[in-house]
């Protein structure tokens, strides 16, 4: 569990820093590369990507909503079939970002497993 928390925090920091300068989709290569370099299992990679990328999107969205962009969020919430609920809009946007990050991290873990050298077994004679 400690490894999941540390890796999620690592992804959160790198995704948040990347989103300051790059487009929103920068979470995909960040999660993919960090997971491919770190070498974690598929389930751990997906959960870390889900939490790290989701929180890197969700926390700034909540902060911005509380500090002056609430009117824009209300207008966006009326465009979608959310009944004008800003909280549901924030939750849904964080979930989508988390799923994108989780799938990118899972792809990175699978890519590492696919490219890893397989141990050779010698037949006993």
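Residue 36: more than 11 Å from the chain's Cα centre (by Cα) and either exposed (fewer than 13 other Cβ atoms within 10 Å of the Cβ) or in a helix (DSSP H, G or I) (or both), yes or no?
Yes; evaluated as a whole, the condition is true for this residue.
Here is a list: 103, 99, 92. Which entry is part of a helix (DSSP H, G or I) and either out of contact with any helix residue (DSSP H, G or I) (no Cβ under 9 Å at 6 or more places or on another chain) or more than 27 Å from residue 13 (Cβ to Cβ) (or both)?
92
For the range 39-86, enumerate the residues that are under 13 Å from residue 102 (Cα atoms), at pLDDT 85 or above and surrounded by fewer than 20 Cβ atoms within 10 Å (Cβ to Cβ).
43, 44, 47
The values are calculated or read from the model by the stated rules, or taken from the named source; none is laboratory data. Here the structure is a predicted model, which is why all the values come from computation and not from measurement. Positions of Cβ are backbone-derived with ideal geometry, glycine not excepted, and every protein chain shown enters the neighbour counts.
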